[in-house]
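Colleague: Structure in structure tokens, see below.
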Amino acid sequence: MKHLTTNIKQLTTALLIAVFFVTGATLIGCKKQSEEIKIGVILPLTGDIAVYGQKMKNGIDLAVEEINKSGGIKTKKLVVLYEDDQGDPKSSVAAFRKLITTEKVPAIIGGAISACALSVAPIADKEKVVLFSPAATSPKLTGISEYFFRNWPSDVYEGLVMGRFAADTLELSKVAILYVNNDWGVGLSKEFEKSFTRGGGSIVVKESFDQGASDFRTQLTKILKAKPQAIYIIGYLKELLILLRQKEEMGIKIQLLSTYGFYDPQILQEIGKAAEDAIFTAPIFDPGSPTKIVETYVKEYEAKYGVKPDIWSAQAYDVMNVVALALKKGAKTGSEIQAEIAKVKNFEGVSGLTSFDEKGDVVKPLRFMTVRNGVFVDYSSGK
Amino acid sequence: MEYLLHILVISGIYIILTLSLNLIVGYTGLPTLGHAAFSCIGAYVSSLLALNFGVSPWIGLIIGACAGALLGVVIGYPSLRLKGDYLALTTFGLGVIVYSIAKNWVSVTRGPMGLPGIPQFSVFGVQLSEIWLYLILVGVFVWVTIFVMRRIVNSPFGRILRSIREDEIASEAMGKDTAKHKLLVFIIGAFFAAIAGSLYAHYITFIDPSSFTVMESITILLMVIFGGMGSITGSIVGATILVVFPELLRFLGMPSSIAAQTRQMIYGLLLIVLMIKRPQGIMGRYRFK
């Protein structure tokens, strides 16, 4: 029995240390200020992916500054409370718990990467706190909770848009799909097939390859036999490079369709001519865009940070503004903010016209790009 | 309140990890740097069983622990031939291998995309989704681990472990089978680490390889050294403080532009100061050789 009592004694000591520290800190942290509206933000501010976290923080800081300069939320000051999660799921959960327990925030911008969003979303659902991710892309997040929103389209969204484009704008009727065999590739190819066949086209052949594969001749031969008008290729840069080279060697001259992975200077350097005329989807944010809202954003961002903004800060900037929009409409609790964000239609953000579907996924236009004379250009330009 | 409970759950999981590593590093004196590999196996085996075959987390936890023990044999075997730094490097390598398998065997582990939606434990049909219920579950496992560890180190078996630590050749000269004991220590340590991994997976309900890097192994080793090698109380205190302290630093109230970075620096500073002032750890008996 002696062991038992010592065990319990030790456990209690450990417990007491933890309880003492945290309750003490909680009390200090609970300063009540009713003149402020608090929103939580959890980003990877240190660690391996801190570079993205810092960019998103820049975007959020800029948005908050603008909101407060123009009178805040119904004369109340908007305050964001940052927590660092280092891109680590358990740290993300701790930060989330801290923000909703000690600060009682109704909404949290966070879960910047899919791993963190997937860990935190079930808790957000249970606690009825809005979780709004600026950049998580995993298809598994679609419909995970009514309290979860994201401003970056799901990985499979590109497929849907490209399918529609291929059927309506390019007026193709026979397309082959060549995809990487994982969640992303399978999901994307299904979305493409659905929207393309709805538009009147038909998929003549579907072939897959494993991630990291280096020989695509078998698949390409099969595709060639089916005589499609275009091939929709879904893969990562590494495979794309080899695939395109083998396609060139086999002398296949078929229109190429591809994904955001294609938008990489390495493609132009290493593939050159074989990439010519390929069409692919890309996110809408473009710092050189002539629209007024983007112009002011770029100007203010450069004035504040001395560098050009990119897609990461633009995404976070829009997220903060959407949350502020909900707050300005008088939403206070998590469920009220949830209801307001779900209603957002055609919000004019720097990353494009933003709406949300019933599953919390963002609906926003994508750009179609192509390669002409060895450079990436907008598909519509010069047509 | 849930915040506090969450920290306690995480502390509990790390206490199990630290105790199991303390048996290997602290009591037997075998420096290892691959402890996260064991918890990785435990987490993945029980999650995959639950997700693909609908196996109850309870059975998954046991199978995962056995798989961890099996890996303990694989990692423990080189320990029979290698000593000191060489053993540390070998276990480091095996830790990297397990991490790489989890990351690259995409068709089974889903690689860097991770495993979402892992089911939670349930008792008599009641899901332990309430965090305080889970804390009780983790508390029970912590208590069992402490109990077993205490029994081991205070038994004749434990005395042999310490004799291996002090002087392996003398121990062998006394007729003790040191090889068998070293292997057993790895198996026991791996078994409990795998349990901790499984508890983690079914709590967070999402795992990906990034939770089981070599850095994670080093963190656990840090907890052992910080608390004190060869001390059970030390492991408990070490794990608790190193889990609680970074959370505590969230309350410093610094401006947001430097808060995150300062938090990391203060954490590092704490480790440096403690190692200079008290190299044997808070409650430890031995210094790190």
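Colleague: Go through B:56, B:201, B:188 and say which Cα lies farthest out towards the positive end of the charge dipole of the range B:2-213; charges sit on Cβ, +1 for Lys and Arg, -1 for Asp and Glu.
Modeller: Toward the positive end, the furthest listed residue is B:188.
Colleague: Please grab the % of Cα pairs in the range A:151-223 that end up more than 21 Å from each other.
Modeller: Values: 756 of 2628 pairs.
That tail contains 29 percent of the Cα-Cα pairs.
Colleague: May I ask you to list the residues of the range A:279-322 whose amide nitrogen lies under 11 Å from a point 7 Å from Cα along the Cα→beta-carbon direction of residue A:328?
Modeller: Inside the label zone: A:321-322.
Colleague: Give the accessible surface of the range B:2-213 per residue, rounded to a whole number of Å², with probe radius 1.4 Å and ligands, DNA and RNA excluded. Write down the numbers at each step before the final one.
Modeller: Numbers: 8110 Å² over 212 residues.
That works out to 38 Å² per residue.
Colleague: Just by accessible area at a 1.4 angstrom probe, what is the order of A:353, B:249 from largest to smallest?
Modeller: Ranking A:353, B:249 by accessible area, largest first, yields A:353, B:249.
Colleague: Give, as ranges by residue number, the residues of the range B:117-155 whose backbone N falls under 17 Å from the point 7 Å along Cα→Cβ of residue A:126.
Modeller: Hits in the range B:117-155 for residue A:126 at 17 Å: B:117-139.
Colleague: Bin all alpha-carbon pair distances of chain A at 10 Å intervals from 0 and give each bin's fraction as a whole percent.
Modeller: Taking all Cα pairs of chain A, the binned fractions are 5, 21, 28, 21, 14, 7, 3, 1, 0 percent.
Colleague: Mind jotting down the distance between the C-alpha centroids of the range B:118-165 and the range A:323-383, whole Å?
Modeller: Their Cα centres are 49 Å away from one another.
Colleague: Considering lysine pairs in chain B that are 8 or more places apart or on different chains, how many have Cα atoms under 27 Å apart? Display every interim value, and only then the final one.
Modeller: Numbers: B:83/B:176; B:83/B:180; B:83/B:182; B:83/B:289; B:176/B:289; B:180/B:289; B:182/B:289; B:277/B:289.
Counting lysine pairs in chain B gives 8.
Colleague: What accessible area per residue comes out for chain A, rounded to a whole number of Å², with a 1.4 Å probe?
Modeller: Roughly 43 Å² per residue, with all protein chains present.
Colleague: Separate question: Percent relative contact order of the range B:162-257, based on C-alpha pairs within less than 8 angstrom and at least six residues apart?
Modeller: 11 percent
Colleague: Please list A:186, A:156 in order of solvent-accessible area, largest first, computed with a 1.4 Å probe with all protein chains present. Walk me through the numbers on the way to the answer.
Modeller: Values: A:186 45, A:156 25 Å².
Putting A:186, A:156 in descending order of accessible area: A:186, A:156.
Colleague: How large is the dipole of chain A about the Cα centre if only Lys and Arg carry +1 and Asp and Glu carry -1, each at its Cβ, rounded to the nearest 20 debye?
Modeller: Values: 48 positive and 44 negative charges, 164 e Å.
In debye, rounded to 20, chain A gives about 780.
Colleague: Related question: Along the charge dipole of chain A, which of A:379, A:144, A:101 sits closest to the positive end, that is, farthest toward it, with unit charges on the beta carbon of Lys, Arg, Asp and Glu (+1, +1, -1, -1)?
Modeller: A:101
Colleague: How far is the Cα center of the range B:211-230 from the Cα center of the range A:153-206, in Å?
Modeller: Going from one Cα centre to the other spans 48 Å.
Colleague: Report the residues of the range A:238-276 in range of a label on residue A:164: point 7 Å along Cα→C-beta, backbone N strictly under 20 Å from it.
Modeller: Only A:257-261 pass the distance filter.
Colleague: Please give the calculated 222 nm ellipticity per residue for chain B, where each DSSP H segment of at least 4 residues contributes -39500 (n - 2.57) and the sum is spread over every residue; nearest 500 deg cm²/dmol?
Modeller: Working: 12 runs with 208 residues, N = 289.
Calculated at 222 nm, the ellipticity per residue is -24000 deg cm²/dmol.
Colleague: To the nearest 100 Å², how much accessible surface do chains B and A cover up together, summed over both, with a 1.4 Å probe? Mind dumping the intermediate values first?
Modeller: On the way: alone 13670 and 18550 Å², together 28230 Å².
The B and A chains share an interface burying roughly 4000 Å².
Colleague: OK, next. How much FRET efficiency would the formula 1/(1 + (r/R0)^6) give for residue A:255 and residue A:289, where r is the Cβ-Cβ distance and R0 is 35 Å, rounded to 0.05? If you can, show how the numbers build up before the last one.
Modeller: Working: r = 27 Å, r/R0 = 0.78.
That pair, residue A:255 with residue A:289, gives E of 0.80.
Colleague: Remind me, what semi-axes does the range A:178-319 give for its equivalent ellipsoid, largest first in whole Å, using sqrt of 5 times each Cα gyration tensor eigenvalue? Show your work: numbers first, answer last.
Modeller: Values: eigenvalues 234, 63, 39 Å².
For the range A:178-319, the ellipsoid semi-axes come out as 34, 18, 14 Å.
Colleague: In whole angstrom, note down how far apart the Cα centers of the range A:66-133 and the range A:273-314 are.
Modeller: Taking the Cα centre of each part, the range A:66-133 and the range A:273-314 sit 26 Å apart.
Colleague: Taking the full set of protein chains and a 1.4 angstrom probe, give the accessible area of residue A:302 in square angstrom, rounded to the nearest 10.
Modeller: For residue A:302, solvent-accessible area is about 70 Å².
Colleague: Please compute the length gained on full extension between residue A:49 and residue A:248, using 0.36 nm multiplied by the number of residues separating them and subtracting their Cα-Cα distance.
Modeller: Details: separation 199, 0.36 × 199 = 71.64 nm, distance 3.63 nm.
This chain segment gains 68.0 nm when fully extended.
Colleague: Just for the Cα atoms in the range B:1-78, what are the lengths along the principal axes, largest first, rounded to whole Å?
Modeller: 37, 35, 15
Colleague: For a 22 Å ceiling on Cα separation, which of these pairs sit above it: A:38/A:329; A:69/A:329; A:38/A:359; A:126/A:332; A:194/A:359?
Modeller: On the way: A:38/A:329 16 Å; A:69/A:329 18 Å; A:38/A:359 26 Å; A:126/A:332 18 Å; A:194/A:359 18 Å.
The answer is A:38/A:359.
Colleague: So what is the calculated 222 nm ellipticity per residue for chain A, using -39500 (n - 2.57) for each DSSP H run with n of 4 or more, over all residues, to the nearest 500 deg cm²/dmol?
Modeller: Values: 12 runs with 172 residues, N = 383.
Theoretical 222 nm ellipticity from helices: -14500 deg cm²/dmol.
Colleague: Still on this structure, please answer the following. Could you give the semi-axes, largest first, of the ellipsoid that matches the protein assembly as shown, computed as the square roots of 5 times the alpha carbon gyration tensor eigenvalues and rounded to whole Å?
Modeller: Working: eigenvalues 454, 214, 89 Å².
Sorted largest first and rounded, they come to 48, 33, 21 Å.
Colleague: Another question, then. For chain A, what's the relative contact order in percent, using C-alpha pairs closer than 8 Å and at least 6 residues apart? Display every interim value, and only then the final one.
Modeller: Values: 697 pairs, mean separation 60.7, N = 383.
Relative contact order, chain A: 16 percent.
Colleague: Viscosity 0.890 mPa s, temperature 25 °C: what is the translational diffusion coefficient of the range B:2-213 from Stokes-Einstein with a Kirkwood Rh over Cα pairs, rounded to a whole number of µm²/s?
Modeller: Numbers: Rh = 17.5 Å.
Estimated diffusion coefficient is 140 µm²/s.
Colleague: Follow-up. Let me know the charge dipole size of the range A:136-280 about its Cα centre in debye, to the nearest 20, where only the beta-carbon of Lys, Arg (+1) and Asp, Glu (-1) is charged. Please report the intermediate quantities before stating the final value.
Modeller: Working: 17 positive and 18 negative charges, 92 e Å.
In debye, rounded to 20, the range A:136-280 gives about 440.
Colleague: Expressed as a whole percentage, what fraction of the accessible surface of the protein assembly as shown belongs to carbon and sulfur atoms when a 1.4 Å probe is rolled over the protein heavy atoms?
Modeller: Working: 17230 of 28230 Å².
Exposed carbon and sulfur together represent 61 percent of the surface.
Colleague: Using label points projected 7 Å from each Cα along Cα→Cβ, tell me how many nm separate residue B:129 and residue A:300, to one decimal.
Modeller: Distance between label points: 4.0 nm.
Colleague: Lys and Arg at +1, Asp and Glu at -1: add these up for the other residues within a Cβ distance under 14 Å of residue A:193 and post the number.
Modeller: Numbers: positive: A:164, A:174, A:190, A:194, A:198, A:206; negative: A:158, A:191, A:207.
Once all neighbours under 14 Å are counted, the net charge is +3.
Colleague: Please give the charge dipole size of the range B:2-213, origin at the Cα centre, charges +1 on K and R Cβ atoms and -1 on D and E Cβ atoms. Round to the nearest 20 debye. Intermediate results must be reported in sequence, preceding the final value.
Modeller: On the way: 12 positive and 9 negative charges, 77 e Å.
So the dipole magnitude of the range B:2-213 works out to roughly 360 debye.
Colleague: Sort A:67, B:63 by heavy-atom solvent-accessible area, probe 1.4 angstrom, most to least.
Modeller: Numbers: A:67 10, B:63 75 Å².
Result, largest first: B:63, A:67.
The values are calculated or read from the model by the stated rules, or taken from the named source; none is laboratory data. Because the structure is predicted, anything quoted here is derived from the model rather than measured. Glycine also receives a Cβ, built like all others from the backbone with ideal geometry; neighbour counts cover every protein chain displayed. When the accessible area is computed, the model is the full protein with side chains, heavy atoms only, and any ligands, DNA or RNA have been set aside. Shrake-Rupley method; radii C 1.70, N 1.55, O 1.52, S 1.80 Å.
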